[in-house]
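Report on one structure; see the data block that follows.
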Amino acid sequence: MNICVVGTGYVGLVTGTCFAEFGSNVICVDKDESKIAALKDGKVPIYEPGLDEMIDRNVKAGRLHFSTDLQASVRDSLVVFIAVGTPQGNDGRADLSFVRAVAKAVGENLNSFKVVVTKSTVPAGTGKMVREIMQESCTGEHKFSVASNPEFLREGSAIEDFMRPNRVVVGVEDEMAAAILRDLYRPLYLIETPFVVTDVVTAEMIKYASNAFLATKISYINEMADLAERLGADIHAVAKGMGLDNRIGSKFLHPGPGYGGSCFPKDTRAMLSIAQDAGGDLKIVDAVIRVNDDRIETMMDKITKAAGGSIAGKTFGLLGLAFKPNTDDLRESPAMLILDRLIEAGAKVQAYDPAGMEAAKAEKDRSGVTYCDDEYAAIEGTDAIVLATEWNQFRGLDFDRVKSLVKSPVMIDLRNVYEPETMLSRGFSYVGVGR
Ligand SMILES: NC(=O)c1ccc[n+]([C@@H]2O[C@H](COP(=O)([O-])OP(=O)(O)OC[C@H]3O[C@@H](n4cnc5c(N)ncnc54)[C@H](O)[C@@H]3O)[C@@H](O)[C@H]2O)c1
């Protein structure tokens, strides 16, 4: 089957590559010429474990192609996936301008029956909008079907998530589109992945409802962590005790500096507008956002206290910049927010992230920040270490070496990577979250 994936970002590139791995003939399209040029040159523009090899294999097999020519790519394809960004607009709503532009171009190039599938996270009703835009821009000569196939992959484990998802959600207008998408996902069907086949608006809502629920779990455990600190309880034991109840589940009960990344913050905010536009409100999601927004302040209080009551003039070693391990994505990363707050407060920061350094340097000029070559260089001569992203390589620090490098042995562990007792026995002043 010939398919085209429009938008070659974290979702589009993984989607296109994995469909090629399934055996389809895939063209990945992006308007960003440098991205496509890099891909054609064998360079992968994002950091995602395992992606390079899979791209290389499928390009060599002749199943995976890259192009900036949206028109030709659409014309050559039976299925068009829209995987462009849907960033937060000024009013908190999802900005659908990229989706609109693609829908218009697909309509203009409708030369045969096609299934047009939104993979981007889009508000309920977007499928209808895509249909209207296409109807206006096409000649009316050919039929098309609009579908929704929201993506649930996580950056850092995107390939595994795509190849072995908990479920595939497909929202369709007709049986023909359902059959085509089922065929496309046939390898997952064969391993008995649950498929939720529903209508378009329901599929669109499933994505937001899922993300908001996951964000709720995070804000909930973070509030509990604050309470545990006040009560002298250990949040890890609390989370374990809670999570063993199957109705609750153990996942996403890890306290920290709040959720970040390219999805949860914007999707929870967009959800409030979606509810408002539909004449309702979402009190729980609203509270989830407020708890998360307060999180950085709580982390800064922790850092200030651990650093002896003031930040100005101190040097911090910041371990981690990405919003989570195994990605170079800095979008709404708590670590980046903390970096900026430390600088604003007059500190110097020595930062290191295994994958996010280039993106951090490219983002903006930050005086007061030294980007270091590794975790030990970032720690050298500092008044305190802030562990902000739990990369595996920060889990096994050589503490004899760390102690010999720092000015004072203070560890502010915002991801609870280390055990408080062990750190104290190593001679560190240690602060975690919720214990
Ligand atoms: N990143 C994630 O972990 C994740 C997970 C699930 C869902 N999503 C959703 O998937 C969508 C894409 O997210 P992402 O992180 O991959 O975004 P991204 O910013 O990494 O990539 C989007 C790409 O679309 C391209 N683009 C924009 N307009 C275009 C056009 N008219 N023609 C061709 N290309 C165009 C951009 O150049 C960019 O390369 C969003 O809706 C997001 O919410 C993301």
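Listed values, structure above:
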read-out	value
Single condition P420 does not satisfy, out of (1) within 31 Å of the chain's Cα centre (by Cα); (2) over 30 Å from A239 (Cα atoms)	(2)
Residues that are over 17 Å from R435 (Cα atoms) and basic (K, R), drawn from the stretch 235-282	R247, K251, K266, R269
Filter result for R154 (modelled with pLDDT of 95 or more, within 15 Å of the ligand (Cβ to nearest atom) and surrounded by fewer than 22 Cβ atoms within 10 Å (Cβ to Cβ))	yes
V117 being within 10 Å of the ligand (Cβ to nearest atom), in the same structural domain as V172 (by TED's automatic domain parsing) and closer than 13 Å to C4 by Cβ	no
Scan of the stretch 308-323 for residues that are surrounded by 22 or more Cβ atoms within 10 Å (Cβ to Cβ) and part of a loop (DSSP other than H, G, I, E, B), ordered by number	K314, G320, L321, A322, F323
Hits in the stretch 120-149 (condition: farther than 20 Å from S77 by Cα, within 14 Å of the ligand (Cβ to nearest atom) and touching a Lys or Arg at 6+ places or on another chain (Cβ under 9 Å))	T121, V122, P123
Scan of the stretch 392-401 for residues that are outside any helix (DSSP H, G or I) and closer than 18 Å to P255 by Cβ, ordered by number	R395
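Yes/no matrix, rows are residues, columns are (1) surrounded by fewer than 19 Cβ atoms within 10 Å (Cβ to Cβ); (2) small (G, A, S):
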site	(1), (2)
N326	no, no
I343	yes, no
V349	no, no
G368	yes, yes
F394	no, no
D398	yes, no
S404	yes, yes
L424	yes, no
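The values are calculated or read from the model by the stated rules, or taken from the named source; none is laboratory data. Because the structure is a prediction, the values reported are computed rather than measured. Cβ: placed from backbone, ideal geometry, glycine included. Neighbour counts: every protein chain shown.
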